[in-house]
Amino acid sequence: MKKLGIVCSGGPAPGINSVIRAIVIEARNRNLEVIGFLDGFYYLSKGQLIYKKLDIEDVSRVHYSGGSIIGTSRGNMDEEKILNIYESLLKSGINYLISIGGDGTASLVYKISKIDKEQKIKFAHIPKTIDNDFPLPLNSRTFGFETARDLGMKLVLNLIEDARVLKRWFFVQVMGRDTGHLAIGIGKSSGATLTIIPEEFQNYEKIPLEFILDILEGAIIKRLVFNKPYGVAIIAEGISLKLNVDISHYRTISEFPLVEILSEKLQERLKRRNINITIIPQNLGYVLRNAQPIAFDIAYTITLGYGAVKFLLSDNKIHCGVITLKGDKIETISIDEIIENDRVKIRYVDLKGDIYQSAYHYMIRLKKEDFENEEMLSKLSQYANMSKEEFIKKFKYTTEFPPI
């Protein structure tokens, strides 16, 4: 009997258990033995085989639960650990490996597959990440993204109502190490006041903290003009990597208190301008990752899990395939197609695309037309307690970079 291994790596995402269930059921129905390697590549990288056998009864009702029944883990792997993983996989006796993870996991599996020159193992990778930054065809979503966006929207809607009732602002930090897909998704669907993402600063190697503060302050002042001293700003955590501040002593970017710093500094700045606004920081980081998947992600992951087993048992000659869905059809692409410099290419938010443009046009933030309208400019400077000249000098530059 041939053997199939499953490994889940990277951060959690809603739908992991559903995809594991689909893999196990299809594989067992095709007379494959299935094992799940525990806690990602952690033990494999140490040359240890820690796994559990999986049968249909083990997974029959796990598809609607969050988390991962085989665990997951992060970890940068050097060449020695990668070789250990490969040798451990051979020792386990598997013929096939299905990896579940994001760009980091896929990059690792790509390197493992390159060691396997005799193609003793056939690899299938199923992309998952709530960041939605994996380069899938036709702008397809990564599984987990829709659930994270849905839950994020519901949580932000509560904050929007709290902001309106108590006349306050919330600065909400959302996951997205390199990209703003999730932040834009949550901000757009909830109707948040504005959203700031890393892609807006693509022309900058580093940006001063003042830049972000000026964008946020401009939005607050603009809301005051409309007699609305409240709002919600969504800020992608990847902004932290763009700032000219040292965050190296934080274990992960999610632990950097970006919105706390922005809230404190901006409140101090507004007080000096005699503007009394309460700003409360909120972090929607880890709370979105282990949620129960919504119907979309459950159905999606069942298709992907089925597609992975189907590919592995087919006569398709791709050695390491990425399982994707184009319309109603499963399509397996070679992982080589999305690799650049031994890493999976990141999919960024297209600032010129209609998905972003439609989000931007509904945001309340300073825009070029505000400085071209004399009446609006007068009101803005009045509420900011500044002269028009001072206001233009302080804030106009925030409208003169991408995406505008």
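The values are calculated or read from the model by the stated rules, or taken from the named source; none is laboratory data. If you're wondering where the values come from, they're calculated on a predicted model, not measured in any experiment. Reconstructed Cβ throughout: ideal geometry from the backbone, glycine too, with neighbour counts over all protein chains shown.
Quick notes on this one:
- Residue within segment 16-31 that is farther than 22 Å from residue 175 by Cβ, touching a Phe, Trp or Tyr at 6+ places or on another chain (Cβ under 7 Å) and not in a helix (DSSP H, G or I) present: no
- Just one of the numbered conditions (1) in contact with a helix residue (DSSP H, G or I) (Cβ under 9 Å, 6 or more places away or on another chain); (2) closer than 29 Å to residue 150 by Cβ is not true of residue 329: (1).
- Complete set of residues in segment 112-143 that are polar (S, T, N, Q), in contact with a His (Cβ under 7 Å, 6 or more places away or on another chain) and either part of a strand (DSSP E or B) or at positive phi (or both): 119, 132
- All positions within segment 244-268 that are in contact with a Pro (Cβ under 7 Å, 6 or more places away or on another chain), farther than 19 Å from residue 179 by Cβ and assigned to a helix (DSSP H, G or I): 260, 263
- Put simply, of 315, 342 the only residue that is loosely packed, with under 12 Cβ neighbours inside 10 Å, touching a residue at least 12 places away in the same chain (Cβ under 8 Å) and over 20 Å from residue 19 (Cα atoms) is 342.
- Here residue 328 clears all of (1) exposed (fewer than 13 other Cβ atoms within 10 Å of the Cβ); (2) among the charged types (D, E, K, R); (3) closer than 21 Å to residue 134 by Cβ; (4) touching a residue at least 24 places away in the same chain (Cβ under 8 Å) except the condition numbered (4).
- Sole exception among (1) part of a helix (DSSP H, G or I); (2) not assigned by TED's automatic domain parsing to the domain that holds residue 36 for residue 350, by number: (1)
- Of all residues in segment 363-401, exactly one satisfies the criterion of being closer than 30 Å to residue 134 by Cα and exposed (fewer than 13 other Cβ atoms within 10 Å of the Cβ), namely 400.
- Residue within segment 144-153 that is in a helix (DSSP H, G or I) and more than 23 Å from residue 305 (Cβ to Cβ) present: yes
- Residues satisfying the stated conditions in segment 11-32, i.e. under 20 Å from the mean Cα position of the chain (by Cα) and either free of Cβ contacts under 8 Å to residues at least 40 places away in the same chain or crowded, with 22+ Cβ neighbours inside 10 Å (or both): 11, 13, 14, 15, 16, 17, 18, 19
- Counted as qualifying within segment 179-243 are the helices (runs of 4 or more DSSP H) with 2 or more residues that are over 22 Å from residue 154 (Cβ atoms) and in the same structural domain as residue 262 (by TED's automatic domain parsing), namely 209-225, 239-242.
- Given (1) crowded, with 21+ Cβ neighbours inside 10 Å; (2) part of a loop (DSSP other than H, G, I, E, B); (3) over 23 Å from the mean Cα position of the chain (by Cα); (4) hydrophobic (A, V, I, L, M, F, W, C), number of the condition residue 291 does not satisfy: (3)
- Scanning segment 57-97 for residues that are surrounded by 14 or more Cβ atoms within 10 Å (Cβ to Cβ), under 18 Å from residue 4 (Cα atoms) and among the aliphatic types (A, V, I, L, M) yields 59, 69, 70, 85, 89, 94, 97.
- Only one of the numbered conditions (1) without any contact (Cβ under 8 Å) to a residue 60 or more places away in the chain; (2) in contact with a Leu (Cβ under 6 Å, 6 or more places away or on another chain) is violated by residue 218, and that is (1).
- Filter result for residue 326 (out of contact with any Ser or Thr (no Cβ under 8 Å at 6 or more places or on another chain) and under 23 Å from residue 181 (Cβ atoms)): no
- Only one of 300, 286 that is aromatic (Phe, Trp, Tyr) and modelled with pLDDT of 95 or more: 300
- Segment 137-174: number of residues that are within 19 Å of residue 101 (Cβ to Cβ) and modelled with pLDDT of 95 or more: 7
- Yes/no for residue 5 being at pLDDT 95 or above and at negative phi: yes
- Filtered residues of segment 175-193 (kept if farther than 17 Å from residue 262 by Cβ and at pLDDT below 95): 177, 178
- Matching residues, segment 219-259, being of a type in the set (Phe, Trp, Tyr) and either over 24 Å from residue 396 (Cα atoms) or surrounded by 20 or more Cβ atoms within 10 Å (Cβ to Cβ) (or both): 230, 250, 256
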